Amino acid sequence: MDEEKITRLIRELLIEIGEDPDREGLLRTPERVMDMWKFLSSGYRQDVKEIVNGAIFESEANNMILCRDIEVYSLCEHHLLPFFGTCTIGYIARHHVIGVSKLARIVDYFSRRLQLQERLTAQIARAVKDSVDAIGVGVIIEAKHMCMAMRGVEKQLSSMTTSSVLGCFQRDATCRSEFLHLAGRQNK
């Protein structure tokens with residue numbers, strides 16, 4: 001990232017919307033906004049293998065492993081406004097499991113870029129499946145979108161739920177049903 005260029009562009013944006021970037025409250029705003037963009041777009045400058053960082057462990061487990069309520073914060077690629085909520089990841093291990101904190105790091109990795117919730121859900125599922133060669137993976141994200149709440153239709157109470165299922169979660173209704181039950185989504 002060209003930090004100086006981004007800072008300059010934010011300053012120009014402030015002027016274009018009718019603000020004075022030299023007034024007290026805005027003096028350091030261009031630098032703060034640049035730092036924010038650097039953080040919120042860090043997923044473009046990382047690699048999922050570095051994030052997993054070898055935290056794959058041999059295991060005889062062949063049952064479902066589930067992690068719920070992983071916080072998700074991302075930016076809608078259409079309006080650059082936040083969407084946020086929770087992510088549930090479930091998988092059935094073949095011979096390896098992934099360190100539980102790495103599930104949250106995978107969510108952050110794909111969230112820290114301009115996104116569609118549907119794509120984000122599928123990317124997380126594929127990364128988990130590929131990381132541990134899982135028999136099956138299921139991912140559910142439920143999120144509120146500021147582009148729908150703050151502007152446009154202005155529906156503040158709305159939320160969107162997306163899911164992605166791979167392997168046995170896709171082929172086997174019993175497996176999928178167990179995942180939905182453990183995720184707390186059965187009969188909702």
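Before moving on, here are some points about what is shown:
- The 3J(HN,Hα) values that the Karplus relation (6.51, -1.76, 1.60; θ = phi - 60°) gives for the stretch 17-30 are, in residue order, 8, x, 9, 10, x, 9, 6, 3, x, 10, 3, 9, 4, x Hz. Gly and Pro appear as x.
- Value of Rg to Rh for the stretch 62-188, rounded to two decimals, is 0.99; Kirkwood radius and Rg both from alpha-carbon coordinates.
- Chain lengthening between Ile17 and Leu81 when straightened (0.36 nm per residue, less Cα-Cα): 21.3 nm
- Taking a Cβ cut-off of under 12 Å around Asn53, the surrounding Lys, Arg, Asp and Glu residues balance to a net charge of +1, with basic ones at +1 and acidic ones at -1.
- Over all other residues within a Cβ to Cβ distance under 12 Å of Gly167, the charged ones net out to +2, with Lys and Arg as +1 and Asp and Glu as -1.
- Whole-Hz couplings from phi, Karplus 6.51/-1.76/1.60, listed for the stretch 174-181; x for Gly and Pro: 5, 4, 4, 5, 4, 4, 5, 5
- Total formal charge among the other residues, if their Cβ is under 13 angstrom from that of Lys5, Lys/Arg +1 and Asp/Glu -1: -2
- Close amide H contacts of Val72 (hydrogens built in the peptide plane, cut-off under 5 Å, sequence separation of 5 or more or a different chain): Gly85, Thr86, Cys87.
- A simple rule links phi to the HN-Hα coupling: the Karplus curve 6.51 cos²θ - 1.76 cosθ + 1.60 with θ = phi - 60°, which for the stretch 146-157 gives 5, 5, 9, 8, 8, 9, x, 6, 6, 9, 5, 8 Hz, with x for Gly and Pro.
- Projecting the Cα atoms of Ala127, His181, Phe110 onto the charge dipole of the chain (Cβ charges, centred on the Cα centre) puts His181 farthest toward the positive pole.
- Between the stretch 63-107 and the stretch 151-188, the alpha-carbon center distance in angstrom: 13
- In the chain, Cα pairs under 8 Å separated by at least six residues give a relative contact order of 19 percent.
Computed from the coordinates by the stated procedures, all read-outs in this text should not be read as laboratory data. Note that the coordinates shown come from a computational prediction; the quantities given were computed from them, not determined experimentally. Cβ atoms come from the backbone with ideal geometry, glycine included; neighbour counts cover every protein chain shown.
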